[in-house]
Every structure is written in structure tokens, then in C-alpha cells.
1. Roughly how many Å² of Ile36 are accessible to a 1.4 Å probe, to the nearest 10?
2. Could you tell me the accessible area of Arg60 in Å² (1.4 Å probe, neighbours in place), rounded to the nearest ten?
3. Mind ranking Trp44, Trp39 by accessible surface for me, highest first, 1.4 Å probe?
4. Determine the order of Ser89, Ser125, Ser109 by accessible area, beginning with the largest, at a probe radius of 1.4 Å.
5. Quick check: pseudo-label points 7 Å beyond the Cα along Cα→Cβ at Ala138 and Ser43, how many nm apart are they?
6. Rank these residues by their accessible area, most exposed first, probe 1.4 Å: Phe65, Phe53.
7. Quick one: length gained pulling Ser91 to Asp122 fully straight, 0.36 nm per residue minus the C-alpha distance?
Amino acid sequence: MDNMKKYICSLFAAAFVLLLSGCSKDDTPVVDEGVIGEWHLTSWTGIAPAEDFDVYIEFRADGGFDLYQKVETSVFVKYSGRFTAENGSISGSYSDGEPWGTGYAYEVSADGKTLTMTAGSDEVSVYSKTDIPEEVRAASDALTKASSYGAERFL
């Protein structure tokens, strides 16, 4: 009888392990390797940004991003969040759960130095691969809680 109890307990334990492994959710985002890196906005809908309009973005392999923007502000404001990039489509949401204003079609140049993101048929953002300057990162650190700062989000 004791052997039967051990057998039943072992059977239930194995079934429990299988049940748990079958229910696990893979939260790893899909990230196209070509978009990973640090980028600087060089053109927006065909126009070079004005001096008081500047955007840097870093896309990481883990699906995280940091956006440093000087849009409708006199200083850089930092936003962070998560993104997915696959099959020529990129979308994301900010760390406060707010989704980007739209999803984008994207294309990385053959040499990997230019990222073009298109929303609809009329908004085209062109980025060049470059390191984000430390002064941009440092200036935005005080404004990491950008949603309370009230700045319009670029993405």
C-alpha cells in the first residue's frame, strides 16, 4: 500500500510540473537586430529638425527603449518603456503603460547606419546611428518622470 501511495504522489507531482510548464508565458519581446542601438533624429517628414527640436532614442536587445527628446521644452526629457520590432513593424509603450501614439513601419539601411520609421503615409522620421551624448543623458536624468513634466511624447 505504501508503494501505491508513493506512486500516486509521484504521478501527481509530475502532472503538476507539466501543468506549470505548459502555462508559462514567454514575455520576451521580438526585436529585430537591425534596430538595436542608439539613434539620432536627422529628418522628420522631410525637414531637418529645428535647433529647439531634438530626439535621440536607444533600442536595446531586451526590448527596452529610452527616448531623450527636446520637443516643446527647453531641455531634454527622458521617457522609457518597452517595444517590439519585427517584420518591418515597430510599436511600443511607455513605462507608465501609455502606448506610442501610433505603430510604425521601419526600414534599416543596408549599411545599418540609417533607420527610417514611417507612420501612415505622411510622417517619416529618419534616424542616424550615433552615440547619445552624455550631456543629453545627464540633462534628462532630472526629468525621468517626464509624464509629470507635461511634455508631448514624440513617439
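The values are calculated or read from the model by the stated rules, or taken from the named source; none is laboratory data. Keep in mind it's a predicted model, so treat the numbers as computed, not measured. Cβ atoms come from the backbone with ideal geometry, glycine included; neighbour counts cover every protein chain shown. Remember, those area values only see protein heavy atoms, side chains included, never the ligands or the DNA or RNA. Shrake-Rupley method; radii C 1.70, N 1.55, O 1.52, S 1.80 Å.
1. Approximately 50 Å² of Ile36 is accessible to the 1.4 Å probe.
2. The value for Arg60 is about 70 Å².
3. If we order Trp44, Trp39 from most to least accessible, we get Trp44, Trp39.
4. The ranking, largest first, comes out as Ser89, Ser109, Ser125.
5. Result: 3.3 nm between the two label points.
6. Phe53, Phe65
7. 9.4 nm
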